[in-house]
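These notes concern the structure reproduced below.
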Amino acid sequence: MASNNTSLNDAKYDLEQQQTTQLGLETKETFDYSKRSQWLRAAVLGANDGLVSTASLMMGVGAVKQDIKVMILTGFAGLVAGACSMAIGEFVSVYSQLDIEIAQMKRERSGPAAEIIEDAQGEKDLPNPLQAAAASALAFSVGAIVPLLAASFIKEYRVRLGVVAAAVTLALVVFGWLGAVLGKSPSVRSAARVLVGGWLAMAITFGLTKLIGSSGL
């Protein structure tokens with residue numbers, strides 16, 4: 001009888017250990033996805049912004065100018081200006097966050113600011129404005145380079161517009177799908193949302209520029 005009780009207790013203990021381990025793994029997995037969503041959102045949004053804004057600029061100029069040089073220069077200017085704007089905006093935003101966290105540490109602790117920051121770095125990672133700015137500019141540039149490459153070697157006007165639209169469509173689907181897969185969200189819905197948004201941006205820019213250009217302004 002004692003042996004049977006011991007076996008039951010051992011089995012109950014093993015079951016509890018398995019449940020605890022499984023719960024811990026699930027909690028860890030959920031936490032990992034939560035942390036991943038922060039940098040994933042910034043990377044996907046940055047690349048998507050670069051893709052849509054640069055392609056829309058190129059399509060808008062292409063609505064009134066058939067010269068390939070004008071379209072390429074417009075796209076390149078959009079890439080540089082957008083990457084700089086994203087980097088500066090991210091730098092200012094993250095630096096403000098850093099100042100807030102340091103100020104909070106000063107209120108919670110006593111001592112020189114340098115020692116407080118050094119102690120805090122041993123406990124958690126403080127936001128890095130330079131890294132955030134570089135990552136934001138890089139993500140924007142990756143997206144912006146797609147329409148530039150698509151249009152660079154095609155001289156025929158209508159074919160060039162079609163190739164740019166096709167390349168941007170493919171990239172929008174890939175960005176939407178990639179963000180959904182890494183973030184564990186519905187891939188079809190995410191890709192469709194990104195695709196429709198990109199199409200609308202290009203169509204509105206092309207249409208309005210064509211309208212203004214044809215009016216003689």
Contacts under 8 angstrom Cβ, first residue in segment 169-191 being crowded, with 19+ Cβ neighbours inside 10 Å, partner small (G, A, S) and not in a helix (DSSP H, G or I), 6 or more apart: G179/S185
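Could you count how many residues in segment 29-70 are part of a helix (DSSP H, G or I), of a type in the set (S, T, N, Q) and at pLDDT 65 or above?
4
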What single numbered condition from (1) touching a Leu at 6+ places or on another chain (Cβ under 6 Å); (2) closer than 14 Å to V44 by Cα; (3) modelled with pLDDT under 85 fails to hold for L178? (1)
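Would you mind finding the one in E16, E115 that is surrounded by 10 or more Cβ atoms within 10 Å (Cβ to Cβ), part of a helix (DSSP H, G or I), of a type in the set (D, E) and at pLDDT below 60? Give the steps one after another, and end with the answer.
Values: E115 fails: at pLDDT below 60.
Within the list E16, E115, the selection yields E16.
Restricting the search to segment 135-178, which residues are in a helix (DSSP H, G or I) and farther than 19 Å from S53 by Cα? Talk me through it step by step, then tell me what you get.
Pass one, segment 135-178, residues in a helix (DSSP H, G or I): 135-151, 157-178.
Y157, R158, V159, W177, L178 - these are the residues of segment 135-178 that are in a helix (DSSP H, G or I) and farther than 19 Å from S53 by Cα.
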When the residues of segment 84-105 are filtered to those that are modelled with pLDDT under 90 and either among the hydrophobic types (A, V, I, L, M, F, W, C) or outside any helix (DSSP H, G or I) (or both), which remaining residue is surrounded by the most Cβ atoms within 10 Å (Cβ to Cβ)? V94
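The values are calculated or read from the model by the stated rules, or taken from the named source; none is laboratory data. Treat the numbers as computed from the prediction; the structure is a model and nothing was measured. FYI the Cβ positions are ideal-geometry reconstructions off the backbone, even for glycines, and counts take in every protein chain you see.
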